[in-house]
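> I have a structure here, written as structure tokens, and I will follow up with some questions on it.
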Amino acid sequence: MKTTLRFSRILIVLAVLGVLLFYSFSKEKTTSCFLVIGKGASETERNAVDDFKQDLEKTVSAKVHIVSDVNDLTDKGAVIVLGTPASNDLIAVLNEEGKIKITKETPGPRGGIWAKTTLQGEEEVIVIAGSDVQGFQYAVYDYSNEMLGIDPLQYWTGKEVTPKSIKDLFNFADRKIAPPKVPLLCYFENDVDELANYRGDLLSYDWESYTEMINSLVRLRYNAIQIFDMLGRPEFFIRPEYKELTDYKLDIAYVEKMIDYAQKKGMKVAIDFALGYQIHPMSADKATCWADYKEDWLTAWRYYLEETPLRKTDIFILRPRHQVWDWEYESSCGEDKVEVFNEVYKAFGDLVDAYKPNADKVLVCYSDGMEMWNDGFRPPKDWIVAWSDHGFGDFEYYPDTTDGYDFGTYMHAGFWLNHTVHNPYPEKVESVMKEMFSGYDADTFCLVNGQNFRPFLLNIEAYAEVCNSPNSFEADAFYKKWTEGYFDGESAEHAVASMKYLHRAQQERIGYVQHLWEIREAISYLSDSPIQRPGKLPVAHDYKRVENDLERVRFIRQEINRAVQEAEKGLGKVKRNKNFYHDYIYLPARLYQDLVDFEQTLHDMSVFKKQFEDTGDDKFLNDAQALLPQAKEQLEIIYRNRKTGDKEVKWKNWYNPEIRRPNNGFPTFQMLDQITLNLNTKS
């Protein structure tokens, strides 16, 4: 049977070769390009070939045709053979003849090749192939990036495309693309308000933006996406700040459409089976006692798996935390939480096995989950354990033992405390991930939280690179390659310098959103009013809160000023991708500087107010009042620069304060009026 099948395949391929030889000729004269795929190509393969066709059409002055039937070759042209040995008979025969080397085992899962070969000694053809479908995807997308100059993040960066000739397509040495170090690289769709809001329809997940995000992630070798906010997180329909913005209603059909799109692109869909989503919310009072409400938890999970698009989940994620709100589990009925979650993970794992046998299951040890692990919490052995950073690329805890489990990591390219402005740290990506790989074999899975995606492109790509090939990842080289891919040499150097200062300004889990909290503390003290917190008791005003920030903010201001200075130098010299330089290098540093300048003025006012309270000397009160005009001017600058925003028209509304994620609030002119009134009453 195998001999007959092989003979039939050879006859088919000989027919193909004959036609290809008839239509191929000198590369210099070629006006068409034929992409030859197998009749057995999967939907994901065909999708990748469609992308490749579009990439070629952007760069090469030739008609590009996709063919799987030899009769469809109606013109002379260059030939690129695409697919896997399983989907394309021509690739299988070339492999059997020793002209290329590509099997399921070589290079292996998610691996691939680029090759040039001749057909019966005639014109060269290009072969781009994978050991499997994902290996083929990455071989194609790598080729588009390196040979055609197509930026994987082009939708977000606007990188200009340089025209290529047909001859340029052949200007490479044969290459084997090794399988990535981490077989499951998953992107976490989390805290995405700006991405969902910037086109004007609040908390509406714009199809173009989300599909383009998925498209870029696939090109970067992410092969899974955790859908989270899109399921209707509890804040959206419960928290007052969100209810004031919009009457949130989840579109379940749209969620399913997005899941289908991601899977068509070759991505697995991961879901954290928390129980607070609007897709089917469970009452929060049932989430604090497993002993009493076990059946409610299991019933809710069954509903997910039977009645919602979550039945299509490929990777099942669970955190050992409160199952409605993302905070620590504190039992209302006297349970030991380690014992609780030993039971929970067994029960939920059994449920998953019944509905989706052989699916991946991941324990994300977020926050206190790592402490629980070291205290003896253990899921069944078929769970992958993902160890979590503290939000900014480092770990607060390390596992005392991996105990024979498959280990992975949960890392943050962006964190809620710096949600608006990125903290570039390829150096941390290099050192921390290599330590986790070498010291803990934590290479089975990596979950990367990219927040609202667009501001965090650099770190998102850095995690992709280190998870692909940690031995070849080096932070400074990555910085150089990344910036020089967009900007001219000298402007690229200033971009790197600016981002390094921006990183230095955000030491110790500090970021733009953390400064918003510190500003609220200063405003609270200056106006003698409590800080209101959603879902929690107010915080009383207290000078000590302000005092704790004084020295650190002075250092931060020094570093952020340097970041802006370097960005301005590069902005004056950049010749390529000027808008992207402004929007990604200069603008974030400037927005950060605006906020810190305002905070510094509030701190100066607070020191004067405290001196007045300690001494009763009106001079200090007058000094505090004298700074109010400066504070108002600085707040006007914050609003103006955020509303003016990006140079690229597509992103004009991105930083508008009216559509920002409301975490830690935002300073208002009414708050300054309250300060003015309060200080005046003390005169």
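> State all residues of segment 101-122 that are more than 30 Å from the chain's Cα centre (by Cα) and crowded, with 19+ Cβ neighbours inside 10 Å; if no residue qualifies, say none.
Once the filter is applied, which keeps residues that are more than 30 Å from the chain's Cα centre (by Cα) and crowded, with 19+ Cβ neighbours inside 10 Å, segment 101-122 yields Ile102, Ala115, Leu119.
> Further question: For segment 288-301, name all the residues that are in contact (Cβ under 8 Å) with a residue 40 or more places away in the chain and either closer than 24 Å to Val385 by Cα or open to solvent by less than 10 Å² (accessible area, probe 1.4 Å) (or both).
Thr288, Cys289, Trp290, Lys294, Trp297, Leu298, Trp301 - these are the residues of segment 288-301 that are in contact (Cβ under 8 Å) with a residue 40 or more places away in the chain and either closer than 24 Å to Val385 by Cα or open to solvent by less than 10 Å² (accessible area, probe 1.4 Å) (or both).
> Also, quick follow-up: Of a type in the set (A, V, I, L, M), assigned to a helix (DSSP H, G or I), farther than 30 Å from Gly200 by Cα and within 30 Å of the chain's Cα centre (by Cα): which single residue out of Ala624, Ala563 fits that description?
Residue meeting the stated conditions: Ala563.
> Out of Ala92, Ala62, Ala48, which single residue is closer than 16 Å to Tyr138 by Cα and small (Gly, Ala, Ser)?
Going through Ala92, Ala62, Ala48 in turn, just one is closer than 16 Å to Tyr138 by Cα and small (Gly, Ala, Ser): Ala48.
> Got a sec? Which of Lys346, Lys356 is in contact (Cβ under 8 Å) with a residue 12 or more places away in the chain, open to solvent by 70 Å² or more (accessible area, probe 1.4 Å) and of a type outside the set (Asp, Glu)?
Lys346
> In a loop (DSSP other than H, G, I, E, B), surrounded by fewer than 20 Cβ atoms within 10 Å (Cβ to Cβ) and without any contact (Cβ under 8 Å) to a residue 12 or more places away in the chain: is that true of Gly98 in this structure?
So Gly98 fits the description; yes.
> Now, a different point. Please give the number of the condition Lys569 fails out of (1) in contact (Cβ under 8 Å) with a residue 60 or more places away in the chain; (2) open to solvent by less than 60 Å² (accessible area, probe 1.4 Å).
(2)
> Only one of Ile150, Ile166 is at pLDDT below 95 and not basic (Lys, Arg); which?
None of the other options fit; the residue is Ile166.
> Say we look at segment 55-73 and pick out the residues that are among the polar types (S, T, N, Q) and either out of contact with any helix residue (DSSP H, G or I) (no Cβ under 7 Å at 6 or more places or on another chain) or open to solvent by 10 Å² or more (accessible area, probe 1.4 Å) (or both); which of these is modelled with the highest pLDDT?
Ser61
> Does segment 634-671 hold any residues that are out of contact with any Ser or Thr (no Cβ under 9 Å at 6 or more places or on another chain) and of a type in the set (A, V, I, L, M, F, W, C), and which are they?
Of everything in segment 634-671, those that are out of contact with any Ser or Thr (no Cβ under 9 Å at 6 or more places or on another chain) and of a type in the set (A, V, I, L, M, F, W, C) turn out to be Ile637, Ile638, Val649, Trp651, Trp654, Ile659, Phe666, Phe669.
> Please pick out the residue among Ile225, Ile279, Ile252 that is touching a strand residue (DSSP E or B) at 6+ places or on another chain (Cβ under 7 Å) and in contact (Cβ under 8 Å) with a residue 40 or more places away in the chain.
Ile225 is the lone residue from the list that is touching a strand residue (DSSP E or B) at 6+ places or on another chain (Cβ under 7 Å) and in contact (Cβ under 8 Å) with a residue 40 or more places away in the chain.
> Within segment 611-630, count every residue that is touching a residue at least 60 places away in the same chain (Cβ under 8 Å), open to solvent by less than 60 Å² (accessible area, probe 1.4 Å) and not small (Gly, Ala, Ser).
Going through segment 611-630 one residue at a time, the tally reaches 2.
> Kindly indicate the residue of segment 255-266 that is open to solvent by 10 Å² or more (accessible area, probe 1.4 Å) and touching a Ser or Thr at 6+ places or on another chain (Cβ under 9 Å) and also farthest from Cys186 (Cα to Cα) among those meeting that condition.
Glu256
> Further question: Here's a check for you: in segment 217-249, which residue that is more than 19 Å from Asn449 (Cβ to Cβ) and touching a helix residue (DSSP H, G or I) at 6+ places or on another chain (Cβ under 7 Å) is most open to solvent (accessible area, probe 1.4 Å)?
Step by step, filter segment 217-249, then rank; the result is Arg219.
> I need the helices (runs of 4 or more DSSP H) fully contained in segment 411-525, keeping only those with at least 1 residues that are at pLDDT below 95 and either crowded, with 24+ Cβ neighbours inside 10 Å or not basic (Lys, Arg) (or both).
Ranges flagged: 489-504.
> Here is a follow-up. Quickly run through segment 410-458 and pick out the residues that are among the hydroxyl-bearing types (Ser, Thr, Tyr) and under 21 Å from Arg221 (Cα atoms).
Tyr410, Tyr425, Ser431, Thr444
> Oh, and also: Among the residues of segment 666-683, which ones are open to solvent by 20 Å² or more (accessible area, probe 1.4 Å) and not in a helix (DSSP H, G or I)?
Thr668, Lys682, Ser683 - these are the residues of segment 666-683 that are open to solvent by 20 Å² or more (accessible area, probe 1.4 Å) and not in a helix (DSSP H, G or I).
> Then there's this: Would you check which residues across segment 631-653 are surrounded by 15 or more Cβ atoms within 10 Å (Cβ to Cβ), in a helix (DSSP H, G or I) and not β-branched (Val, Ile, Thr) and list them?
Of everything in segment 631-653, those that are surrounded by 15 or more Cβ atoms within 10 Å (Cβ to Cβ), in a helix (DSSP H, G or I) and not β-branched (Val, Ile, Thr) turn out to be Ala631, Lys632, Gln634, Leu635, Tyr639, Asn641, Arg642, Lys650, Trp651.
> Taking segment 535-566 as the region of interest, how many residues are within 29 Å of Glu235 (Cβ to Cβ), crowded, with 17+ Cβ neighbours inside 10 Å, of a type in the set (A, V, I, L, M, F, W, C) and out of contact with any Ser or Thr (no Cβ under 9 Å at 6 or more places or on another chain)?
2
The values are calculated or read from the model by the stated rules, or taken from the named source; none is laboratory data. Source: prediction; values computed, not measured. Positions of Cβ are backbone-derived with ideal geometry, glycine not excepted, and every protein chain shown enters the neighbour counts. Quick note on the areas: whole protein, heavy atoms, side chains included, nothing else; ligands and nucleic acids left out. Shrake-Rupley method; radii C 1.70, N 1.55, O 1.52, S 1.80 Å.
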